[in-house]
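Before any comments, here is the structure.
Laboratory data are not the source of any read-out in this text; all were calculated from the coordinates shown. What you see is a predicted model, and the numbers here were worked out from it, not measured in a lab. Counting neighbours? That spans all protein chains shown, and the Cβs are built from the backbone with ideal geometry, glycine included.
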Ligand code: EPZ
């Protein structure tokens with residue numbers, strides 16, 4: 001297995017390009033199950049979760065090819081409607097094939113995703129919504145067996161909790177359902193918006209895009225003809241590198257960003273003392289004269305994203321003042337805390353809240369990644385720790401960050417990828 005070796009005390013400079021959004025790419029790839037024709041998806045990030053989804057589509061019978069950052073997928077020839085455990089266990093977002101497969105074929109089997117470091121992450125809301133649309137759902141031998149022999153029927157769905165992939169699953173199921181589906185308390189993340197825009201631009205009438213109430217007119221089973229797609233920039237990758245600039249108090253520029261998706265992150269960094277230059281597709285973060293502590297509460301978009309919580313905790317360690325971080329979405333998304341404490345951080349956890357002291361003297365150590373965003377927080381802390389840090393189990397990072405060590409090297413960081 002690979003690990004990252006990082007020398008501390010870095011100042012960064014220069015510019016890097018941000019890749020396409022993993023969490024937009026995954027539902028878009030799953031939506032190809034609804035398409036009549038081959039489609040090209042551009043700006044696709046070369047991360048393991050995307051490779052896993054392509055493998056899952058191939059296992060179902062689709063043909064795929066992936067050159068540079070562009071993939072061609074033809075799912076018109078799918079015959080197999082079982083998403084097997086061996087693939088699904090690698091990536092929870094595989095559940096995104098459930099809605100499209102059921103809507104198109106009237107039956108499918110999808111393995112339950114299994115456990116995850118950041119929380120139990122149930123899919124009860126996905127299943128309840130599909131039952132509201134007329135599906136019969138049975139859980140047997142670790143699989144969701146779903147059937148709707150007459151096809152899915154449009155319905156009014158009210159999500160008890162806002163769920164990103166739950167909204168995406170039902171939007172895709174509704175696209176081929178009979179009649180109108182209304183989703184109330186829908187997720188509004190930019191990745192959900194892009195999925196709706198792509199479907200809407202290609203013949204699926206969707207009202208309320210970007211709001212928490214979506215109305216989708218189904219085609220009653222007719223597949224969709226789709227034009228070329230370009231994945232939106234990854235706001236979490238961008239936010240992670242903004243934190244790299246912030247924690248090292250450097251001036252760096254990120255290109256290929258959509259800063260309208262970054263408002264909560266930019267505002268929080270401004271609160272902490274940082275300043276920015278915003279241009280059409282780029283953002284430059286500039287050093288703070290004094291890094292202030294912050295009060296952070298994670299919430300659904302457009303609030304402060306849970307996927308940036310770990311990275312801001314690392315940044316809070318070098319602030320002059322104390323910070324509090326309240327994780328509202330996941331029950332166990334503080335796995336990075338114990339590893340940061342091993343680097344000398346003063347953090348006190350109580351239930352969903354972390355109290356983070358400022359001015360920590362961080363020391364390099366051997367640390368272990370536990371989940372995708374926690375891993376990036378350890379890398380950020382290592383950039384400013386005294387001495388050398390080794391971050392192990394970085395396969396977590398490779399799921400969602402394109403060549404993270406190369407991009408940080410491009411910014412001048414002393415970081416290497418080595419073999420255990
Ligand atoms: C998506 O996960 C993202 N993944 C996650 O990003 C992100 O952290 C999360 O949304 C929240 O923004 C992708 O888009 C592929 P949810 P998702 O359903 O859809 C509860 C990353 O780092 N819930 O919005 O699985 C759930 O337990 C990943 O890129 C139910 O109770 O998250 C959680 O507490 C990590 N029942 C809350 O809702 C359900 O049926 C939000 O989960 C579904 C969800």
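Rounded to the nearest 10 degrees, what's the angle between the helix 190-201 long axis and the longest principal axis of the chain, both from Cα atoms, 0 to 90?
The answer is roughly 30 degrees.
Compute the distribution of all C-alpha to C-alpha distances in region 161-239, in bins of 10 Å from 0, and list the percent of pairs in each, rounded to whole numbers.
19, 51, 26, 4, 0
Restricted to Cα positions, what overall size does the chain have along the principal axes? Three whole-Å values, descending.
Largest first, the chain extends 63, 43, 41 Å along its Cα principal axes.
If the viscosity is 1.002 mPa s and the temperature 20 °C, what translational diffusion coefficient in µm²/s does Stokes-Einstein give for region 6-129 when Rh comes from Kirkwood over Cα pairs?
Roughly 136 µm²/s, to the nearest whole number.
Using 0.36 nm times the number of residues separating residue 278 and residue 251, minus their current alpha carbon distance, what extension gain do you get?
Details: separation 27, 0.36 × 27 = 9.72 nm, distance 1.30 nm.
Additional length available on full extension: 8.4 nm.
Could you calculate the FRET efficiency of residue 11 with residue 341 from 1/(1 + (r/R0)^6), where r is the beta carbon distance between them and R0 is 25 Å, rounded to 0.05?
FRET efficiency, residue 11 to residue 341: 0.45.
Quick one: grab the alpha carbon gyration tensor of region 42-100, order the square roots of its eigenvalues as a ≥ b ≥ c, and give me rounded if a/c is under 1.5, else prolate or oblate depending on whether a/b is larger than b/c. Working shown, then result.
Details: a/c = 2.08, a/b = 1.25, b/c = 1.67.
It is oblate, given that a/c is not under 1.5 and a/b is not larger than b/c.
Using a Förster distance of 25 Å, how high is the FRET efficiency between residue 42 and residue 332, based on the Cβ-Cβ distance and rounded to 0.05? Let's see the in-between values first.
Working: r = 36 Å, r/R0 = 1.43.
The value I calculate is 0.10.
Helix 164-175 versus the longest principal axis of the chain: what is the Cα-based angle in degrees, 0 to 90, to the nearest 10?
Approximately 20 degrees, to the nearest 10.
Modelled label-to-label distance, residue 89 and residue 120, 7 Å Cα→beta-carbon offset: nm?
2.2 nm
When the gyration tensor of region 86-205 is built from Cα positions, what are the square roots of 5 times its three eigenvalues, in whole Å, from largest to smallest?
Details: eigenvalues 89, 62, 34 Å².
Semi-axis lengths for region 86-205 are 21, 18, 13 Å.
By average Cβ neighbour count within 10 Å, what is the ranking of 228-237, 78-87 from highest down?
Values: 228-237: 23.0, 78-87: 16.3.
Listed from highest to lowest mean packing, they are 228-237, 78-87.
Give me the percent of Cα-Cα pairs in region 318-420 that sit more than 25 Å apart, rounded to a whole number.
On the way: 1049 of 5253 pairs.
The calculated P(r) of region 318-420 puts 20 percent of pairs beyond 25 Å.
For region 1-68, restrict the atom set to alpha-carbon positions and state the Rg and Dmax in Å.
16.5, 53
GNM, the chain, Cα, under 10 Å: largest mean-square fluctuation among 193, 318, 97?
Comparing 193, 318, 97 in the GNM, the peak value goes to 193.
Using a 7 Å offset from the Cα along the Cα-to-Cβ direction at both residue 145 and residue 58, what is the distance between the two label points in nm, to one decimal?
Label at residue 145, label at residue 58, 2.9 nm between them.
Note the full-extension length gain between residue 80 and residue 409 as 0.36 nm times their separation in residues minus their Cα-Cα distance, in nm to one decimal.
Details: separation 329, 0.36 × 329 = 118.44 nm, distance 4.34 nm.
Residue separation times 0.36 nm, minus the Cα-Cα distance, leaves 114.1 nm.
Which order, highest average first, do 271-283, 36-48 follow once you tally other Cβ atoms within 10 Å for each residue and take the mean per peptide? If you can, show how the numbers build up before the last one.
On the way: 271-283: 15.1, 36-48: 18.8.
Those peptides, ordered most packed to least, come out 36-48, 271-283.
Compute the angle between helix 235-247 and the longest alpha-carbon principal axis of the chain, please, reported from 0 to 90 degrees and rounded to the nearest 10.
Between helix and principal axis, roughly 0 degrees.
Largest first and to the nearest Å, give the Cα extent of region 62-154 along each principal axis.
Computed over region 62-154, the largest-to-smallest principal extents equal 40, 36, 23 Å.
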